[in-house]
Every structure is written in structure tokens, then in C-alpha cells.
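Okay, structure first, notes after.
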Amino acid sequence: WTQTTFLEQVPEVIEPDGPVRGEVGFFVGCMFNGRVPQTALDAMEVMKRNGIRVIVPHDQVCCGSPLIRTGQTSIIDDLRRKNIEAFASRGIDTVMTICAGCGATLKNDYETPFAVKDVTEVLMDYGIELPSKLDIRATYHDPCHLLRGQGISEEPRVFLREAVREFVEMPSQCCGAGGGVRSGVPEEAKALGAKRDAAVKETGADVVVTICPFCEFHIADCTDVPVKNLVTILLEGYRKKDAERDSA
């Protein structure tokens with residue numbers, strides 16, 4: 001990696017700002033650990049704000065999703081064993097992900113002694129402090145691994161409607177990033193990305209929101225509209241709320 005990883009920046013236990021309302025383990029995933037750690041740090045701030053203690057085992061490893069999707073399964077059992085041990089040995093009941101691919105893999109390709117939940121499921125379970133609405137029009141891209149892999153559609157939209165001035169839907173379609181397509185069939189990935197760009201432009205959105213780093217990277221390559229994770233949008237809303245309170 002060219003920067004300090006998320007796991008190198010955080011302690012194993014991240015306490016909330018106020019009283020503890022709940023506790024989750026956090027599976028960070030390779031992309032958020034090494035490529036875009038700031039998004040994972042944003043997620044921790046959202047958890048702290050909402051009274052959720054986060055346990056971050058530093059011995060967690062890749063979930064194996066890219067290997068499974070491309071047929072390279074020889075080391076998957078070892079990855080499964082290491083990850084299950086990392087969380088189970090700490091007595092963690094619920095493991096949270098902010099990466100759709102990691103979440104789908106842990107839910108569908110592992111047999112875990114703990115529950116696995118997307119960040120939107122965790123926040124829905126506990127309820128959140130409402131942020132100030134950002135003065136933007138946003139659209140939402142459904143990651144395949146979240147919509148089809150985990151059956152999660154409405155939860156992200158509930159939070160997005162509370163976080164922005166205007167939320168505009170666009171059709172749900174693969175962006176071309178996952179399943180090894182971007183690496184193995186780049187021309188197909190580029191064509192699908194161009195379709196996403198057209199759909200985004202049709203909405204007139206100021207920002208595209210998603211919950212998948214692969215979608216985020218690929219869509220950002222295919223459109224000039226900014227792409228952000230939902231947790232970053234929530235954190236920006238909290239910072240706006242704090243600034244409004246401080247200036248009152």
C-alpha cells in the first residue's frame with residue numbers, strides 16, 4: 001500500500017463518544033484497509049457518534065471474495081478459519097461490514113458462529129442521531145453484492161433520505177466492477193460503466209452514493225460526478241450539524 005492502512009491507524013477497541021448502546025466487530029476488508037482507509041475511519045466516527053463500541057481484530061485477513069468469484073479457491077479454507085477465529089475468539093456476536101462484497105462473502109460463503117450485518121443493518125437496528133441535511137441532490141447505486149448478494153435495498157435509502165436535501169432514484173444495474181469483470185473483461189466493464197454514467201447524468205445528481213469500494217472506484221472512473229460511501233455522507237451531515245450548533 002502507498003499509505004498507512006486502517007488497521008495500522010486504529011486500536012482494537014474503539015469506544016463511543018457517549019454511553020455504550022451496543023457493540024459490534026468490524027470486518028474492514030482489503031479495499032477499505034489499504035486503498036481508501038479514510039472511508040473506514042469515517043464509519044468509525046459514525047459508530048462513535050451513535051453509541052456503538054467497535055471491536056477491530058487486527059489479525060483479520062482478506063475474506064477471499066475476489067478469489068471465490070474467479071475460481072481460485074485453494075486457500076479459501078485457511079482465510080475462513082483465520083477470520084472466524086479472529087472474531088469468535090473475542091466473543092463477538094455481530095460482525096459489521098461496510099463493503100458489500102465482504103458482507104456477501106461472510107454471509108453466503110462462510111458458516112460463522114456470529115451474525116454478519118451490513119453497516120446499514122446495524123444502524124437500522126440501533127437507530128441513529130439524525131444528521132443535518134446536506135444541501136445536495138444525491139442518487140444511490142445498488143451494489144450487486146448488497147442488493148442481490150444480501151437482499152439489502154431499502155435500508156441505505158432510509159438513511160440517504162434523511163441525509164440530503166433531495167434523493168433521486170436511478171435504475172439498479174451492475175456497474176461492471178465486480179465478479180472479476182473489471183480485471184478479466186475490461187471492455188465489458190467499461191461499457192457497463194458508461195451506462196452508469198448516463199444513468200447518473202439523467203438524475204442530475206451532485207453525488208453518487210454507494211456502499212461498495214469496487215463500485216465506488218469504477219463509477220468514479222466512468223463519470224465526473226463525485227462518488228461517496230454512505231457513511232461519509234452521514235459524517236458530513238454530523239459535521240454540518242455541529243458547525244450549525246457552534247455558530248448558533
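The values are calculated or read from the model by the stated rules, or taken from the named source; none is laboratory data. Just so you know, these numbers come straight off a predicted model, no measurement behind them. FYI the Cβ positions are ideal-geometry reconstructions off the backbone, even for glycines, and counts take in every protein chain you see.
Descriptive notes on the structure:
- Which numbered condition PRO131 misses (of (1) at pLDDT 95 or above; (2) surrounded by fewer than 17 Cβ atoms within 10 Å (Cβ to Cβ); (3) in a loop (DSSP other than H, G, I, E, B)): (2)
- Subset of region 148-179 [in a loop (DSSP other than H, G, I, E, B) and surrounded by 16 or more Cβ atoms within 10 Å (Cβ to Cβ)]: ILE152, MET170, CYS174, CYS175, GLY176, ALA177, GLY178, GLY179
- Boolean, ASP142 is at pLDDT 85 or above, outside any strand (DSSP E or B) and crowded, with 23+ Cβ neighbours inside 10 Å: yes
- Taken across region 75-88, residues that are of a type in the set (Asp, Glu) and modelled with pLDDT of 95 or more do occur, with at least one present.
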